[in-house]
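Here's the structure we're looking at; comments come further down.
Nothing in this text is a laboratory measurement; each read-out follows from the coordinates by a stated rule. Only a predicted model underlies this, so the values are computations on that prediction, with no experimental measurement involved. Cβ coordinates were reconstructed from backbone atoms using ideal geometry, including for glycine residues, and neighbour counts include every protein chain displayed.
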Amino acid sequence: MHIYLVGGAVRDKLLKRPVVDHDRVVVGATPEALLALGYKPVGKDFPVFLHPQTGEEYALARTERKSGRGYHGFVFQADATITLEQDLARRDLTINAIAEDEHGALTDPFGGVADIEARVLRHVSEAFVEDPVRVLRVARFAARFAPLGFSVAAETMTLMQQMVRDGEVDHLVPERVWAETRKALGEARPSAFLRVLRECGALAVLFPEVDALYGVPQRAEFHPEIDTGVHVEMVLDAAATLAPGNDVVGFCALGHDLGKALTPAAELPRHVGHEHRGVAPLRALAARLKVPTEHAALAELVCREHLNVHRALELKPATVLKLLTATDALRRPARLDLFLAACTADKRGRLGHGEDAYPQADYLRQARAVAAAVESASFIAQGMTGPAIGQAMENARIHAIAGLRANPSGHRSAV
């Protein structure tokens, strides 16, 4: 029995990145042998075991053979005769098909080390086309490693385009699409996820609402990048900078401008009312991918209200309070921070505006603070009851927000 460190752990060590998961493959063993050593079985489709002390995953070396459509259509073989090279051959990318033994010696039959040095995402074999999830995985790895200079090999992109034409990605279940998308939205450069999917044609299949934004013009004085699709890419990257690893903010960034694809051609490049037009396609996208409720709810708020946030310094105090109430900010200040991060990303996700100040965010946080400081106890002490308390609290909150504008030490001097 021989045990090797494989996959992302080896790749990330070579890239000098933090290693999060230590996956290992076991060659020359049987399930019975691992069970006898105290390993706990967890794999449903093929033998995977948890180490009795560390809890880390150990998988028996295996091969896989395509048996049907989609990513479920595989037959696996795992026994003591499967070699390390056979196991590595079933993997998606060369950079993920490197193994390391206990002495640090590498087994690299497909040139993964060279591709790491060349910063290339390249498929291991023609068997890549058998699993449509790999299209999403390549796009996700592009989002992770784009800051390091990685790009997709031309021949791999050709295979991905063929997979789309053959209808393989049509068989991806929503849960799997969302799982990969969620990870991509938390990566350092999620724009690369969109670009790779668009280049291979999968964006139009899996995210038609987003794909429709490309080629839609915006007013150059406000959006020097002009193209709405490019703007969304820039907002995604700005969100990744403002809220690293936060896929909730990432999803808000992805869906905030979907309404611009529905602007009548005669009105272009203006997009009056796009914040309201965008709600329906955003709901459709979230429902189709089975996006978590909070992701969908906050993204809808950002879609509908981001223009009001941009105008926050000009809004009436009563309107500011309505905005804070709509976001549930008085009870959930952390939610307001996510909401404002997405709106800030929209402001900065424009060509030449990546460092723009956004005093609206600080103002709304201060407005939230003074409004939340108004409590019911003082009004109850005055003898108020029922609806009168609520109305008095609302009036007091509006007055407190108005005081921010009149107070020279308020929001304007604080940003």
For the stretch 220-365, rounded, prolate or oblate, judged on the Cα gyration tensor with a ≥ b ≥ c (square roots of eigenvalues), a/c < 1.5 rounded, else prolate if a/b > b/c? rounded
Compactness of the stretch 121-279 - radius of gyration and Dmax, Cα, Å: 15.9, 49
Quick check: the distance between the Cα centres of the stretch 8-64 and the stretch 324-340, to the nearest angstrom? 43 Å
Where only C-alpha atoms are counted, convex hull volume of the stretch 139-202 per residue in Å³: 65 Å³
Provide the gained length on full extension for the span A377 to E56, in nm with one decimal, where the gain is 0.36 nm per separating residue minus the Cα-Cα distance. 110.2 nm
Positive-end residue, the chain charge dipole about Cα centroid, Cβ charges, pick of L93, F145, Q391: Q391
Within the stretch 100-140, which GluC sites (Glu not before Pro) sit in a loop by DSSP and count at most 15 neighbouring Cβ atoms inside 10 Å? E102
Qualifying trypsin sites (Lys or Arg not before Pro) for the stretch 134-242 [loop in DSSP, other Cβ within 10 Å: at most 14]: R219
For the stretch 280-415, what is the convex hull (Cα atoms) projected area averaged across all directions, in square nanometres? 10.3 nm²
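Mind listing which GluC sites (Glu not before Pro) in the stretch 219-281 are in a DSSP loop and have 16 or fewer other Cβ atoms within 10 Å? Mind showing how you got there, number by number?
On the way: sites: E221, E225, E233, E267, E275; in loops: E221, E225.
Filter output for the stretch 219-281: E221.
Where a ≥ b ≥ c are the square roots of the eigenvalues of the C-alpha gyration tensor, would you call the chain rounded, which needs a/c under 1.5, or, failing that, prolate if a/b is larger than b/c, or oblate?
Details: a/c = 2.53, a/b = 1.86, b/c = 1.36.
Because a/c hits 1.5 or more and a/b exceeds b/c, the chain counts as prolate.
Please give the charge dipole size of the chain, origin at the Cα centre, charges +1 on K and R Cβ atoms and -1 on D and E Cβ atoms. Round to the nearest 20 debye. Each step should come with its number before you reach the end.
Working: 48 positive and 52 negative charges, 296 e Å.
About 1420 debye.
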Diffing the stretch 375-388: the Karplus 3J(HN,Hα) column from phi (6.51, -1.76, 1.60, θ = phi - 60°), in whole Hz with x for Gly and Pro, holds 10, 7, 4, 5, 6, 5, 5, 7, x, 6, 9, x, x, 4
When the helices in the chain are scored as -39500 (n - 2.57) per DSSP H run of 4 or longer and the sum is shared across all residues, what 222 nm value do you end up with, to the nearest 500 deg cm²/dmol? -14500 deg cm²/dmol
What spacing in nm lies between the two simple spin-label points modelled at A105 and T319, each 7 Å away from Cα in the Cβ direction? 7.2 nm
From the residues L315, V248, A342, which one has its Cα farthest along the dipole of the chain in the positive direction, the dipole being from +1 and -1 charges on Cβ of Lys/Arg and Asp/Glu about the Cα centre? L315
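Set the bar at 24 Å for Cα to Cα. Now go through K183/K322; K290/K347; K16/K183; K13/K183 and name every pair that lies beyond it. Walk me through the numbers before you get to the answer.
Numbers: K183/K322 33 Å; K290/K347 28 Å; K16/K183 21 Å; K13/K183 20 Å.
From the list (K183/K322; K290/K347; K16/K183; K13/K183), the Cα-Cα distance tops 24 Å for K183/K322; K290/K347.
What is the stretch 68-176 by shape, rounded, prolate or oblate, if you read a ≥ b ≥ c off the alpha carbon gyration tensor as root eigenvalues and call it rounded for a/c under 1.5, prolate for a/b larger than b/c, and oblate otherwise?
Values: a/c = 2.10, a/b = 1.17, b/c = 1.80.
Here the stretch 68-176 falls in the oblate category.
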